[in-house]
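These notes concern the structure reproduced below.
Each reported figure results from applying straightforward, stated rules to the coordinates on display, with no laboratory input. Small disclaimer: the values here were computed from a predicted structure and weren't measured. Please note: Cβ atoms are built from the backbone with ideal geometry, for glycine as well, and neighbour counts cover all protein chains shown.
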Amino acid sequence: MWNLLAYLIYNRRRSVTQEELFQLLWGDEGSDNPQNALKAVIHRMRTTLEQLDEKMGRTLIEFQNGQYCWNSAVPVTVDVDEFESLCCRADDALDDGVRLDALLQAIELYRGGFLPGLSGESWVLPTALFYQNRYLRAVDVALELLEKQQRIEEAVKVCTDALKQDPYSEDLYRHLLRNLVDGGNHQDAITAYETMSEMFFSAFGVMPAEDIRAIYREAASRADVKTAPPEAVYQQLRSLDLPVGSIVCDYDFFRLLYQSHARSLARSGDVVHIGLLSARSKDGSELSRKTMDSAVENLLKQIRQNLRNGDVATRCSVSQVLIMLPMANYENSCKVCERVIRSFRQAYYHSPVEIVYSVQPVEPWLPDRGGPPPGDGRKLSFRHGEEPAPEG
């Protein structure tokens, strides 16, 4: 009944054939007696509407020439029409101020999906997608105009509200972080990034885009502008409460450490190797996300227990962990990876996951060469149970 009522109101500017309503209500399954079934639904709907006022049901729902329609003489205000009118006004406006005003009104009017209570109906989904796309385009243009006019607080509010409707939009997070940093809200920017990063990794197994991570690093570097005495700074460094074993950090921090080692190797001549440990199904089947997450967390536990205090590890994808091994040659690095894998097997022998690995050296970075130089020896790659890759 509510599906039929919503459909007639949304299409109130035209008459609807009975055949169209048969398809709306019963689809391809049909009905033994669709005309009587439709009459029964119409009767129920009119009876319900008469709770508003006597004869209201027949006044609002008319039947003419074998077709049903909403009475066009009854004035009706529908929010989607107001929303569409505001968007059209913005599209036609020549003045930025008029355009922005219309867009902000439209954005404020949008409250989420079209008819969420009927979201399973076939006609509702494409309509909902149309208005959602209309809303997101309005947000995009409004943010451009707000940022142009340096109206940062309003831009932050638009981003925050829009992310409730589209929580996985990198563009919206990009605007949000940029405006928070420009507005001096560095801690809020850090919190927003951490929320985004955790959500994206959990849902898709990916890290935020590089330019978004750059905004995060900018926020982190400017989060506390107070000048602290040297003693307080040194005390903060000494008071880190780190667990025993290797350090497990986020991927961004691991990359910075990698680049730091690559820069120093050209000068010191030391040796640093990187190990990539990958989890995969023993039988080649596709594992669930829950199983993979559990396996990688267990792998990190073994890494903490089996690596030195100065070694560093990070989860770099849904199924992979990177480890950095300073002052370790290739053979010792392979042994470290094998020790971790052996410990994992012993601790989780019922796990459907097996671990394979590869090892390669960190190459020195020479600024005058514009990037890492080509290795003067072979790049070594090794997987558990296989021979090292041949030279060349």
In whole Å, what are the Cα extents of the chain along the three principal axes, biggest one first? 90, 55, 42
Could you give the C-alpha radius of gyration of the stretch 1-158 expressed as a fraction of 2.2 N^0.38 Å, taking N as the number of residues it contains? 1.31
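Compute, for the stretch 87-211, the length of the dipole vector about the Cα centre, with Cβ point charges of +1 (Lys, Arg) and -1 (Asp, Glu) only. Units Debye, rounded to 20. Could you put the intermediate results ahead of the total?
On the way: 11 positive and 22 negative charges, 67 e Å.
That gives a dipole near 320 debye.
Sorted from largest to smallest, which semi-axis lengths in Å does the alpha carbon gyration tensor of the stretch 103-144 give for its equivalent ellipsoid, taking the root of 5 times each eigenvalue? Could the numbers behind the result be given before it?
Working: eigenvalues 102, 20, 6 Å².
Ellipsoid semi-axes (Å, largest first): 23, 10, 5.
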Largest to smallest principal axis extent of the C-alpha atoms in the stretch 60-121, angstrom: 49, 28, 15
The stretch 6-40: trypsin sites (Lys or Arg not before Pro) falling in loop per DSSP and having at most 11 other Cβ within 10 Å: Arg13, Arg14
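Calculated from DSSP H runs of 4 or more alone, at -39500 (n - 2.57) each and per residue, what is the 222 nm mean residue ellipticity of the chain, nearest 500? If you can, show how the numbers build up before the last one.
On the way: 15 runs with 213 residues, N = 392.
The helix contribution divided over the chain gives -17500 deg cm²/dmol.
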Once each part is reduced to its C-alpha centroid, what is the distance from the stretch 305-368 to the stretch 153-222 in angstrom? 31 Å
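Remind me, relative contact order of the chain in percent, using alpha carbon pairs under 8 angstrom and six or more residues apart? Please report the intermediate quantities before stating the final value.
Details: 451 pairs, mean separation 40.1, N = 392.
That works out to 10 percent.
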Taking only the Cα atoms of the stretch 113-217, how large is their convex hull per residue, in Å³? 109 Å³
Enumerate the whole-percent occupancy of each 10 Å bin, from 0 to the last occupied one, for all C-alpha pair distances of the stretch 280-371. 15, 44, 27, 10, 3, 0
Mean Cα-pair separation over length for the stretch 1-111, i.e. relative contact order, pairs under 8 Å, 6 or more apart, %: 23 percent
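Sequence gap of 8 or more, or different chains, plus Cα separation below 21 Å: how many lysine pairs satisfy both in the chain?
Details: Lys39/Lys55; Lys148/Lys157; Lys282/Lys290; Lys282/Lys301; Lys290/Lys301; Lys301/Lys335; Lys335/Lys379.
Counting lysine pairs in the chain gives 7.
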According to a simple spin-label model (label point 7 Å from Cα along Cα-to-Cβ), what is the distance in nm between Trp26 and Glu62? 2.8 nm
Using θ = phi - 60° and Karplus 6.51 cos²θ - 1.76 cosθ + 1.60, couplings along the stretch 338-344 (whole Hz; Gly, Pro as x): 5, 5, 4, 5, 5, 5, 4
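Given the Cα-Cα distance of Ala93 and Ala223 and 0.36 nm per residue of separation, how much length would full extension add, in nm?
42.8 nm
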Table column - 3J(HN,Hα) (Hz), the stretch 192-202, Karplus curve with 6.51, -1.76, 1.60, x for Gly and Pro: 5, 5, 4, 4, 4, 4, 5, 5, 5, 5, 5
Quick check: convex hull over the Cα atoms of the stretch 156-226, volume per residue in Å³, rounded to an integer? 73 Å³
Simple spin-label estimate for Glu194/Glu331, 7 Å along Cα→Cβ, in nm, reads 4.5 nm
Under 5 Å from the placed amide H of Val248, counting only residues 5+ away or on other chains, we find Ala313
Using each residue's phi in the stretch 11-19, evaluate 6.51 cos²θ - 1.76 cosθ + 1.60 at θ = phi - 60° and report the 3J(HN,Hα) Karplus result to the nearest Hz, with x for Gly and Pro. 9, 5, 8, 8, 8, 10, 6, 5, 4
Check: the chain dipole with +1 on Lys, Arg Cβ and -1 on Asp, Glu Cβ, in debye: 1200 debye
Distant-in-sequence amide H partners of Val362 (H built 1.01 Å from N, under 5 Å): Val272, His273, Ile274
